[in-house]
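Notes for the one structure printed next.
The values are calculated or read from the model by the stated rules, or taken from the named source; none is laboratory data. Everything numeric in this text was worked out from a predicted model, so none of it was measured. Backbone-built Cβ (ideal geometry, glycine too); neighbour counts: all protein chains shown. What goes into the accessible areas is simple: the full protein's heavy atoms, side chains included, and nothing from ligands, DNA or RNA. Shrake-Rupley method; radii C 1.70, N 1.55, O 1.52, S 1.80 Å.
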Amino acid sequence: MAVGVLALQGSFKEHIVALKKLGVEAVEVRKPEQLIGLAGLIIPGGESTTMAKLAEEYSLIPALKEFASGGKPIWGTCAGLIFLADKAVGQKSGGQALLGGLDCTVHRNFFGSQLNSFETELPAPAALTELGGTESFRAVFIRAPAIVDAGPDVDVLAALELPSGESGASSLEKKTEEKGKKVIVAVRQGNLLATAFHPELTSDSRWHSLFLKMLPKGGKAEVQQAKEQETEEQVVRVLRPFTDPKDLPVFRDSSFLVFE
Amino acid sequence: MANNGVVAVYGNGVLADSKKSTYAVKVGLAQMLRGGVIMDVIDAEQARIAEEAGAAAVMALERVPADIRAQGGVARMSDPQMIKDIKNAVTIPVMAKARIGHFVEAQILEAIGVDFIDESEVLTPADDQHHINKHNFHIPFVCGCRNLGEALRRVAEGSAMIRTKGEAGTGNVVEAVRHVRTVLGDIRRLQALDDDEVFSFAKSIAAPYELVRQTKQLGRLPVVNFAAGGVATPADAALMMQLGCDGVFVGSGVFKSGDPVRRARAIVQAVTHYNDPHVLAEVSSGSRRGLNSELSILGLRFRASGSRCREPSVICSHAGCRHPMISGLYTWDHCQDVSI
């Protein structure tokens with residue numbers, strides 16, 4: 001059962017390392033044909049405008065829409081969340097291509113510039129605690145977006161309490177403050193999972209496990225199909241880039257250069 | 001601010017239980033830039049072109065390296081107002097350069113809220129002995145290096161990202177390749193060593209033992225590593241990626257070319273599809289005219305400053321280094337003094 005990671009730009013190697021630690025085959029996806037035979041897809045963190053631009057260039061957006069409409073699970077982290085949202089505010093002039101599907105409004109760059117990037121411990125939702133581990137999880141927010149409005153069908157998995165002094169988003173801030181100063185940072189709707197933070201930058205693999213649980217059962221036939229596809233299309237297989245097993249360490253929050 | 005090794009909660013305590021500017025958060029932004037292109041821009045218009053082309057970040061500069069080379073003089077931090085204008089024009093991260101050792105320029109850049117600071121040898125160094133203590137800042141830093149020892153000394157000073165140096169503003173990629181090969185070759189040699197030999201190796205490259213040990217364990221630099229300097233074509237960018245870099249800085253290569261919009265897009269695509277010669281062929285096609293005009297511009301400028309280079313009036317003052325220098329065009333790229 002292979003899981004794809006959209007490898008246009010951003011933290012795709014971190015996701016691949018996290019998947020490999022869980023014993024799952026991970027594949028870099030850069031072109032529409034590389035989606036064939038995959039059980040699910042992760043859209044990593046990175047610059048959403050860059051990723052949107054590159055996805056448009058090789059007509060990945062329709063292929064991804066088809067992938068999602070086929071019921072295959074997709075998980076977006078940070079920039080991936082912006083990709084999956086039906087509506088995004090605070091975009092660059094001219095807007096950007098969105099995949100959509102998630103009934104919510106995302107504020108791009110809700111927390112501001114890098115000076116306002118942070119990490120924190122958030123209470124783990126039931127879906128996470130039933131996978132074991134602690135009652136909280138480490139969440140790293142890098143120039144992160146946030147969900148300012150979510151539809152009724154959206155299952156909220158985690159929310160972040162904003163202290164009264166928070167001044168990340170000007171006009172939308174009031175709106176969220178009325179709702180008890182909380183802003184949504186993780187949601188699930190049908191086959192879509194989205195987080196505003198980066199589980200791939202921590203050693204807590206539960207978010208990846210949660211996503212793997214969403215994959216369709218009995219994916220064996222799919223793998224077989226994928227294998228056949230590969231032998232037919234040698235070129236595609238050859239062009240599928242190799243993944244270097246060596247990757248960056250996970251930094252423990254409070255110390256300089258201490259790896260987990 | 002944090003004492004060495006202890007990261008304090010950010011002063012204003014905006015989010016009660018959250019920690020800002022931890023090393024993980026600093027390296028985290030660099031990790032989000034991986035597989036991307038960071039472009040030098042000199043105004044809001046260029047910044048928008050870069051964003052539109054798919055740049056992962058922009059570097060706000062008053063003059064691109066090609067012009068610094070051609071014009072000479074002391075190159076300093078850019079005007080904060082100009083950096084703010086660029087910040088307002090785009091939504092992608094904005095980087096800015098501070099002179100080596102000039103921690104007050106870095107404080108100013110932090111105050112105006114840039115996302116990343118480049119402590120850069122492209123500018124005229126302010127301190128020829130010391131780099132900025134980057135642990136004192138909430139903003140992550142990127143620093144240049146030519147070998148593993150230099151890279152790990154910068155990491156020890158708190159740099160969250162490394163860029164291997166090249167000869168900026170020339171359109172010639174040879175120095176960038178040399179330094180990527182040197183750093184990655186050093187790491188490969190380190191990995192072949194017995195654990196008992198790492199102490200002596202650390203001493204020989206003048207880097208902290210603990211970082212050398214971690215680098216051996218990881219098999220790569222412990223932070224994100226971009227290539228920089230002289231990257232002019234999509235093929236150059238893909239070369240740096242295939243050599244093992246996490247991304248590419250492009251300076252004069254885009255906006256000194258004949259068709260910046262097209263060149264910018266081509267380089268962004270080349271970095272993503274670096275392993276796919278078919279895509280590389282496609283994005284490299286049709287840019288021949290632009291490429292030639294750009295190379296001629298850069299070539300002429302380089303020759304213009306190079307002619308001064310052959311009549312040196314100053315000799316490098318670093319111990320053991322007798323490299324001739326042009327006054328006003330002082331870069332450390334020539335100097336092999338490992339103590340810097």
Check your understanding: Which number in (1) part of a helix (DSSP H, G or I); (2) open to solvent by less than 10 Å² (accessible area, probe 1.4 Å); (3) closer than 21 Å to A:Phe12 by Cβ marks the one condition that B:Val254 misses?
Key -> (3)
Check your understanding: Does A:Lys13 fit the bill of being of a type outside the set (A, V, I, L, M, F, W, C), within 12 Å of another protein chain (Cβ to nearest Cβ) and open to solvent by 10 Å² or more (accessible area, probe 1.4 Å)?
Key -> yes
Practice item. Inspect segment A:74-90 for any residue being open to solvent by 30 Å² or more (accessible area, probe 1.4 Å), within 12 Å of chain B (Cβ to nearest Cβ) and not aliphatic (A, V, I, L, M) and give the result as yes or no. Key: yes
Exercise for review: Considering every residue within segment B:102-113, establish whether at least one is in contact with a strand residue (DSSP E or B) (Cβ under 7 Å, 6 or more places away or on another chain), closer than 19 Å to B:Val25 by Cβ and outside any helix (DSSP H, G or I).
Suggested key: no
Check your understanding: Quick check: anything in segment B:46-62 touching a Ser or Thr at 6+ places or on another chain (Cβ under 7 Å), away from chain A (no Cβ under 14 Å) and either surrounded by fewer than 24 Cβ atoms within 10 Å (Cβ to Cβ) or not in a helix (DSSP H, G or I) (or both)?
Key -> yes
Exercise for review: Give segment B:176-222 a look and list any residue that's small (Gly, Ala, Ser) and under 22 Å from the mean Cα position of the chain (by Cα), or say none.
Suggested key: B:Ala176, B:Gly185, B:Ala206, B:Ala207, B:Gly219
Point to revise | Odd one out for A:Asp153, checked against (1) open to solvent by 40 Å² or more (accessible area, probe 1.4 Å); (2) within 13 Å of another protein chain (Cβ to nearest Cβ) | key: (2)
Review point. Looking at segment B:241-251, which of its residues are over 16 Å from B:Ile187 (Cβ atoms) and open to solvent by less than 10 Å² (accessible area, probe 1.4 Å)?
Key: B:Gly247, B:Val248, B:Val250
Practice item. For segment B:90-101, enumerate the residues that are surrounded by fewer than 20 Cβ atoms within 10 Å (Cβ to Cβ) and modelled with pLDDT of 95 or more. Key: B:Gly101
Check your understanding: Given the structure, is B:Val268 open to solvent by less than 20 Å² (accessible area, probe 1.4 Å), touching a Pro at 6+ places or on another chain (Cβ under 6 Å) and modelled with pLDDT of 50 or more?
Key -> no
Check your understanding: If you go through segment A:20-30 one residue at a time, do you hit one that is assigned to a helix (DSSP H, G or I), surrounded by fewer than 20 Cβ atoms within 10 Å (Cβ to Cβ) and either modelled with pLDDT of 95 or more or more than 11 Å from chain B (Cβ to nearest Cβ) (or both)?
Key -> yes
**Study point:** Which listed residue is more than 14 Å from chain A (Cβ to nearest Cβ), closer than 22 Å to B:Asn275 by Cα and open to solvent by 30 Å² or more (accessible area, probe 1.4 Å), from B:Val177, B:Val231
**Key:** B:Val177
Exercise for review: Scan segment A:31-54 for residues that are within 13 Å of the chain's Cα centre (by Cα), within 14 Å of chain B (Cβ to nearest Cβ) and of a type in the set (A, V, I, L, M, F, W, C) and report the count.
Suggested key: 2
Point to revise | Residues of segment B:149-174 satisfying the condition of being over 30 Å from B:Phe103 (Cβ atoms) and either modelled with pLDDT of 95 or more or crowded, with 19+ Cβ neighbours inside 10 Å (or both) | key: B:Gly171, B:Asn172, B:Val173
**Study point:** Long-range neighbours under 9 Å by Cβ, at least six apart or interchain, first residue under 16 Å from B:Cys143 (Cβ atoms) and within 9 Å of another protein chain (Cβ to nearest Cβ) within segment B:205-227, second hydroxyl-bearing (Ser, Thr, Tyr) and buried (at least 17 other Cβ atoms within 10 Å of the Cβ)
**Key:** B:Leu221/B:Thr215; B:Pro222/B:Thr215; B:Val223/B:Ser159
Check your understanding: Can you find a residue in segment A:165-179 that is modelled with pLDDT under 95, more than 14 Å from every other protein chain (Cβ to nearest Cβ) and assigned to a loop (DSSP other than H, G, I, E, B)?
Key -> yes
Revision key, fill the gap. For segment B:171-204 the number of residues that are touching a Ser or Thr at 6+ places or on another chain (Cβ under 8 Å) and either part of a loop (DSSP other than H, G, I, E, B) or over 16 Å from B:Gly144 (Cβ atoms) (or both) is 3
Review point. Are any residues in segment A:91-117 in a loop (DSSP other than H, G, I, E, B) and more than 10 Å from chain B (Cβ to nearest Cβ), and if so, which ones?
Key: A:Gly95, A:Ala97, A:Leu98, A:Leu99, A:Gly100, A:Gly101, A:Phe110
Revision key, fill the gap. Subset of segment B:188-227, residues crowded, with 17+ Cβ neighbours inside 10 Å and closer than 19 Å to B:Gln31 by Cβ, comes to B:Leu211, B:Gln214, B:Thr215, B:Arg220, B:Leu221, B:Pro222, B:Val223, B:Val224, B:Asn225, B:Phe226, B:Ala227
